[in-house]
Amino acid sequence: MASSMPIQRKKTSTSPTIISNSSNKDRKETKKSTSLISVLFQGTIVLIVVFFLSSYLLTDTWTWGYKNKYTNWRNWIPRKEMIFSEEELARYDGSDENLPIYLAINGEVFDVTKGKHYYGKGGGYSFFSGKDASRSYVTGCFETHLTHDLRGLTREQLKELENWASFYRDHHTYYKVGRVIHKPIDPNSPIPPPCNDATGKKS
Ligand code: HEM
C-alpha cells in the first residue's frame, strides 16, 4: 500500500502540468488565428487604399473614370422633395448668379448648376432653364415649344422625352430636387403648331 503512494503522488503532480500544456497550446492557436485575421484585415485595407489612390492618380477620379448617379454624393443624401410653382421655378433660370440653376422635364425638377456653361446666362441651352420646356426637347423648336404641353406628340417622341428625363436622373453631376406643379392646360386651347426652325440645332 505504502509503495503505491509515490505513484499516486506522481499522477496528481503531473495532472496540472498536462492541463497547463494544453491551455498554452490553445492560447497559442487563438493568438495565431487572431494574428491571421488582423493580417487579412490590414491587407484588405491596404488593397482598398491602393485601389482608390491609383484610380485617382491615373484617372483623376476615385472610381476609375466610372461616373453615374451613384458616384454623385448628392444622390446619397436623403432630401425632402421641393415643390415649385411655375413662377417659383422661373427664379432659378441662371440669371441670378447667387441661385442654383434648375430645369424641369415632365414635372421633375433637376439641379443643373454644374452645367452652368450650357444652362447659365449666355449658355447654348439657357432657354431650358427655370422652366419645364419638355415639348422642345423632342421637337427641337427651341423658341415656340418651351412648354410642358405634350398634346399631340407621338409615342416615339414621348419615349424620347423619357430618355431625356433619364439623362438628368442618371447624370453624375445633376440631381433631382423636386417637382413643378403646372397650371392645367385648357383642352380647348390650340396645340402648339410645328415650327419652321425645328432643326434641333443649338441656338
Ligand atoms: C432636339 C434636339 C436637341 C436637344 C433637345 C439637345 C439638347 C442638348 C442638351 C440638353 C445638352 C446639354 C447636355 C448636358 O447638360 O450635359 C446638349 C449638348 C450639346 N448639344 Fe444638343 N440637343 C439637340 C440637338 C443638337 C444638335 C442637332 C447638335 C449639333 C448640331 C447638338 C450639339 C450639341 C453639343 C455640341 C453639345 C455639347 C455642349 C455644347 O457644346 O454646348 N445638339 N444638347
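Taken together, the values in this text are just the output of simple stated rules run on the coordinates, not laboratory data. No experiment lies behind these values; they were computed from the predicted model shown. Methodologically, a virtual Cβ is constructed for each residue, glycine included, from the backbone with ideal geometry; neighbour enumeration extends over all protein chains shown.
Against the longest principal axis of the chain, how steep is helix 4-59, in degrees 0 to 90 to the nearest 10, with axes from Cα atoms?
20 degrees
Quick check for me: using +1 on Lys/Arg Cβ and -1 on Asp/Glu Cβ, what's the dipole size of the chain about its Cα centre, in debye to the nearest 20?
So the dipole magnitude of the chain works out to roughly 2040 debye.
With only Lys, Arg, Asp and Glu charged, each at its Cβ (+1 for the first two, -1 for the last two), find how big the charge dipole of the stretch 69-181 is about the Cα centre; round to the nearest 20 debye.
380 debye
Take the chain, connect every pair of alpha-carbon atoms lying under 10 Å apart with a spring to form a Gaussian network, then pick out the residue of ILE181, ILE37, ILE101 with the largest mean-square fluctuation.
Result: ILE37 has the largest fluctuation of those listed.
Using +1 at the Cβ of each Lys and Arg and -1 at the Cβ of each Asp and Glu in the chain, identify which of GLN42, ILE185, PHE84 lies farthest towards the dipole's positive end.
Most positive-ward Cα: GLN42.
Report the Stokes-Einstein translational diffusion coefficient (µm² s⁻¹, integer) for the chain, Rh taken as the Kirkwood radius over Cα pairs, at 20 °C with viscosity 1.002 mPa s.
D, rounded to a whole number, is 95 µm²/s.
So which trypsin sites (Lys or Arg not before Pro) in the stretch 142-179 pass both tests, a DSSP loop state and at most 13 other Cβ atoms within 10 Å of the Cβ?
Numbers: sites: ARG151, ARG155, LYS159, ARG169, LYS176, ARG179; in loops: ARG151.
Here the trypsin sites (Lys or Arg not before Pro) that fit, given the DSSP loop and packing criteria, are ARG151.
Of the chain, which part is the longest with no chymotrypsin sites (Phe, Trp or Tyr not before Pro) in a loop (DSSP not H, G, I, E, B) and with at most 16 other C-beta atoms within 10 angstrom? Write down the numbers at each step before the final one.
Values: sites that count: TRP62, TRP64, TYR66.
Excluding the exposed sites themselves, the longest stretch runs over 67-203.
Name the longest site-free stretch of the chain, where the excluded sites are GluC sites (Glu not before Pro) in a DSSP loop with no more than 14 other beta-carbon atoms within 10 Å. Intermediate values should be presented prior to the final figure.
Values: sites that count: GLU81, GLU97, GLU143.
Between the exposed loop sites, the longest stretch runs 1-80.
Rounded to the nearest 500, what is the 222 nm mean residue ellipticity of the chain from helices alone, with -39500 (n - 2.57) per DSSP H run of 4+ residues and division by all residues?
Taking each H run of at least 4 residues, the total per residue is -14000 deg cm²/dmol.
Pick out, from CYS195, THR173, PHE52, the residue whose Cα sits farthest towards the positive end of the charge dipole of the chain, with +1 on the Cβ of Lys and Arg and -1 on the Cβ of Asp and Glu.
PHE52
With contacts defined as alpha carbon pairs under 8 Å and 6 or more residues apart, what's the relative contact order of the stretch 41-173 in percent?
Result for the stretch 41-173 is 20 percent.
Does anyone have the angle between helix 155-169 and the longest principal axis of the chain? Alpha-carbon axes, 0 to 90°, nearest 10?
50 degrees
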